[in-house]
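Asks: Below is one structure. I have some questions about it.
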Amino acid sequence: MTKNLILLGLPGAGKGTQADKIIAEYPMVHISTGDIFRANMKEETELGQKAKSFMDAGNLVPDEITNAMVADRLAQSDVVENGFMLDGYPRNEDQAKFLDQFLAERNEKVSATLYFEVPDQVLVERLLGRGRADDTQEVIAHRLEVNKEANLPLVDYYAKHGVLNTIDGNGELDRIYSDVKTALDALD
Ligand code: AMP
C-alpha cells in the first residue's frame, strides 16, 4: 500500500528539512504548496499572479485557489503510484476536509500526520535566519499569527481522526529524524 503523509507545523518548524530526509528514504512524492506557489510566481503564471499579493503580505492564499492546485497535483500519476508527502497543506480545517473528501472519492486516505512542535521563540529565530523575500520581521510575526490560528484546530482534527504523531521539533536534526522514522515504520 502506498502511504499518504502530511507534515504539520508552523513556518520554521523544520518541515522542509525533515521532508528532504524522508524523501531520500521513502517513496512518497514531496508536494510543498509554498514551493509550487513560488515557482508559479517566478514563472509569472496566472496562478502565480493570483497568489502573489496574499503571499507577499504573509496571508494564506484563498482555499479555492489552493485546493484546486493541490487536487490537480494529487491526480498526477507519480502521486497516484507512490503516495504523497504534503508539506504546507492543509493549513486549516476546511482544507483538511477538502483533502479527506478528495481522497475518499478515490478510496484513499491520510495514512499519518507528523506534527513538528517547536516553541514560538525558536520559530522566529529560525525564520529571521532564513532570509527569504517574505521573511522580514513584520511579515514573519504576521505569518506566525495567521498560521497559529488555523494550526491548533488542524492538529485537533487529525488527533480526532487518530492519525496525529507529535514530534519534538526542537533539537538535533538526527534525533528529530529518528523520531520521524519510528513513527513512519510503525505504519503498516
Ligand atoms: P510556506 O512555504 O509553506 O511557508 O508558504 C509560503 C506562503 O504560501 C504562505 O505564507 C501562503 O501565502 C502560501 N501558502 C502555502 N501553502 C498554503 C496553503 N495550504 N493555503 C494557503 N496558502 C498557502
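Asks: Please verify whether LEU99 is in a helix (DSSP H, G or I), touching a helix residue (DSSP H, G or I) at 6+ places or on another chain (Cβ under 8 Å) and more than 27 Å from VAL29 (Cβ to Cβ), treating the condition exactly as stated.
Replies: On the way: in a helix (DSSP H, G or I): yes; touching a helix residue (DSSP H, G or I) at 6+ places or on another chain (Cβ under 8 Å): yes; more than 27 Å from VAL29 (Cβ to Cβ): no.
No, not satisfied.
Asks: Quick one: in the range 13-25, of everything that is part of a helix (DSSP H, G or I) and small (Gly, Ala, Ser), which residue is farthest from the ligand (Cβ to nearest atom)?
Replies: Filtering the range 13-25 down to residues part of a helix (DSSP H, G or I) leaves 15-25.
When the remaining residues are screened for being small (Gly, Ala, Ser), the result is 16, 19, 24.
On the way: GLY16: 8, ALA19: 11, ALA24: 20 Å.
Taking the candidates together, the pick is ALA24.
Asks: Still on this structure: Across the range 150-175, what is the number of residues that are closer than 15 Å to PRO119 by Cα and part of a helix (DSSP H, G or I)?
Replies: Total satisfying the criteria: 2.
Asks: Go through the range 26-56 and report how many residues are away from the ligand (no atom under 12 Å from the Cβ) and in contact (Cβ under 8 Å) with a residue 60 or more places away in the chain. Outline the logic, then answer.
Replies: Keep residues of the range 26-56 that are away from the ligand (no atom under 12 Å from the Cβ), which gives 26-30, 42-46, 49.
Retained after the next criterion (residues that are in contact (Cβ under 8 Å) with a residue 60 or more places away in the chain): 26.
Residues in the range 26-56 being away from the ligand (no atom under 12 Å from the Cβ) and in contact (Cβ under 8 Å) with a residue 60 or more places away in the chain: 1 in total.
Asks: Further question on the same structure: Out of curiosity, is GLU81 under 24 Å from ILE167 (Cβ atoms), touching a residue at least 60 places away in the same chain (Cβ under 8 Å) and away from the ligand (no atom under 14 Å from the Cβ)? Talk me through it step by step, then tell me what you get.
Replies: Details: under 24 Å from ILE167 (Cβ atoms): no; touching a residue at least 60 places away in the same chain (Cβ under 8 Å): yes; away from the ligand (no atom under 14 Å from the Cβ): yes.
Criteria not met by GLU81.
Asks: Oh, and also: Give me the pairs: first residue in the range 145-156 and in contact (Cβ under 8 Å) with a residue 60 or more places away in the chain, second residue surrounded by 12 or more Cβ atoms within 10 Å (Cβ to Cβ) and in a helix (DSSP H, G or I), beta-carbon distance under 7 Å, and six or more apart or on different chains, which are they?
Replies: PRO153/GLU93; LEU154/GLU93; LEU154/ALA96
Here, each number is a calculation from the coordinates, and none is a lab measurement. The model shown is predicted, which means the values in this text are computed figures rather than measured ones. FYI the Cβ positions are ideal-geometry reconstructions off the backbone, even for glycines, and counts take in every protein chain you see.
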